[in-house]
Structure formats: structure tokens, C-alpha cells
1. Conditions: (1) open to solvent by 40 Å² or more (accessible area, probe 1.4 Å); (2) of a type in the set (A, V, I, L, M, F, W, C); (3) away from ligand 2 (no atom under 16 Å from the Cβ); (4) over 17 Å from the mean Cα position of the chain (by Cα). I122 meets all but one. Number of the miss?
2. I'd like the full set of residues that are away from ligand 3 (no atom under 15 Å from the Cβ) and over 15 Å from N107 (Cβ atoms), limited to region 165-185.
3. Please go through region 130-155 and give me each residue that is more than 16 Å from ligand 3 (Cβ to nearest atom) and part of a loop (DSSP other than H, G, I, E, B), ordered by number.
4. In region 58-84, which residues are away from ligand 3 (no atom under 16 Å from the Cβ), surrounded by fewer than 21 Cβ atoms within 10 Å (Cβ to Cβ), under 23 Å from G139 (Cβ atoms) and of a type outside the set (G, A, S)?
5. I'm checking my understanding of the structure. Among residues of region 197-235 that are more than 13 Å from ligand 3 (Cβ to nearest atom) and within 14 Å of E270 (Cβ to Cβ), which one is surrounded by the fewest Cβ atoms within 10 Å (Cβ to Cβ)?
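The values are calculated or read from the model by the stated rules, or taken from the named source; none is laboratory data. Every value quoted in this text rests on a predicted model; they were computed, and no experiment measured them. In this analysis, Cβ positions are derived from the backbone assuming ideal geometry, glycine residues included, and neighbour counts consider all displayed protein chains. Areas reflect the complete protein model, heavy atoms only, side chains present, ligands, DNA and RNA absent. Shrake-Rupley method; radii C 1.70, N 1.55, O 1.52, S 1.80 Å.
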Amino acid sequence: MSRLHIGCHLSSSKGLEEMAKTATAIGADTFQFFTRNPRGSKAKTLNEEDAAALLRYCEKNGFAPVLVHAPYTLNPCAERPEVAEFARIVMKEDLGRLETMGVRLYNLHPGSHVGQGTEIGITKTASLLNELLDDGFTGTVLLETMSGQGSEIGGTFEELRELIDRVDRKTSVGVCLDTCHVFAAGYDIAKDPDGVLTTFDRVIGLERLRFVHLNDSRFGLGMHKDRHAPIGGGEIGTEGIRRIVNHPALHDLPFCLETPHESMQEYAEEIALVQGLVQYDG
Ligand code: FE
Ligand code: FE
Ligand code: ZN
């Protein structure tokens, strides 16, 4: 098997290229970051020189693609006009920034319908994507698989498929599989990754899968609780994670840890732990 591409969520507060250097220091060759504070306040002004330096650094050091995560407060199918407007403004601005930075992947939670119903939620998220995905954005928006907590949409592969079906620019959408979320949603990726990925392929198509969020789960299978645990410290467990990172349909994708840790040292150790699970031949 080829070397696993893995990283973790990093803070961009010290600059973009600095973030990539931090990744190298902890043994990572990909990462995920927010373009603004995770709660979604105003984005920092984009330093184009730093953005160019980030891309050069990633290319020179053989990084896998990096991922920008949309703010958690961005609900693309919100009912309240001011929340819907916030989603439109932030996402439009983020997609423009990605294009300027040369970053290609934007991770989006498909949204919470908050009582409107799944059908309306999917319709609203699709219509926002149809409004914002145009020639000005050449990257890919990744819809994240969700745990189905509360009124989240995207807790089943069928809902993601339905959403993709309603997007006009299908080449601009893909999927990010979060191992904690799919497990919490009821897909047993720990014991039967092959069965889960076969279902994913049948319903969505594996060609849409572009990124993996590698997290253990504090709660059990199908509990619909989105609580990440450190690798090996949750219900997926070390053996489950071993099956996931060695699965041929996943192995060559970029992996990003979103596990709860305090220090970069702990992420460095966790990355080493996961690399140690990969069955390299020869
Ligand atoms: Fe996420
Ligand atoms: Fe995630
Ligand atoms: Zn989560």
C-alpha cells in the first residue's frame, strides 16, 4: 500500500504557510482549517502572498489536497431569513477566497432543517448551491456525511444522493465521509467497512468520495450523537480504525483527524498511531 495521507484540523491564526509547516512538524501531509473563526465571524483579510506560499509549500512537500471547513454556524437550509442570509454571504465569500487561495476543497454540513422537514431542507440547500456554484468556482464543495443528530440532513446516504441529484453543477460537488458521523448514523464502518462502502457506492457512487474525517465515536452505533473520541478511545476502536485506513476504497484519500486533543504533540502521536495501523507490504 502507498503511504497514508493524514493530518488534523489546524488553526490558521499564525498564517497559511505556517500552518503547513506545523503539519510537517507533526508528521502530517494534509490538514483542514477554517477561513474564519469556527463560529463564523468575519474572515481575516486574505494575504495573497501567504496563500501562494502555502500552495508552493504543499506542492514541494508532496502534500495531499487540503480542506477548508465552513463555519459550524453556517446552515445552508435555514428558515429564518437572517440565518439564511448569513449562510449565503459567508459561503459566497468563502468560495471566492478558496478560488483566490487556490485551495480546491470546501467542506459543508448539508444543514439542519429545524422543523421544516427533510424535503424542504434538501431543497433549500440545493438551491443555495445552485445559486453559488458558477464558473467563478472551479473547486469542489464536499457535503459531509452527518450523524443525523437533531434535524440534521445528510444522516443517510440517500439524503446526500437526493441533494446531489438536485444540484445542477454535479462536477462541483463531492462527499467527505466522517467516520464518527456515519457510525453514529447507524452505518457500521467499524466492523463492516466493506458493506458500508458498497452501500455508499450503490447510493452515491464512490467517485464522489474525496476526503475522510477520521474520528472515533464516544457513543454507540446508530445513537445519532455527534461526539468525537480520540482514535482507539471510542466505540469504533483501534481495530475498526485499522479496517478503515486499510480499506482499498479509502486508503488513497486524504484523512483528517478531528479528535479532541489539547496539544500538537498529541496529534503527532495520534498520526503516528494511525500510520502504525497501516499494513504496508514490504
Ligand atoms: Fe464537519
Ligand atoms: Fe467531520
Ligand atoms: Zn462531528
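1. For I122, the failing item is (1).
2. Those that are away from ligand 3 (no atom under 15 Å from the Cβ) and over 15 Å from N107 (Cβ atoms): D165, R166, V167, D168, R169, K170, T171.
3. Scanning region 130-155 gives L133, D134, D135, G136, F137, T138, G139.
4. Residues satisfying the conditions are E59, K60, N61, P65.
5. G233
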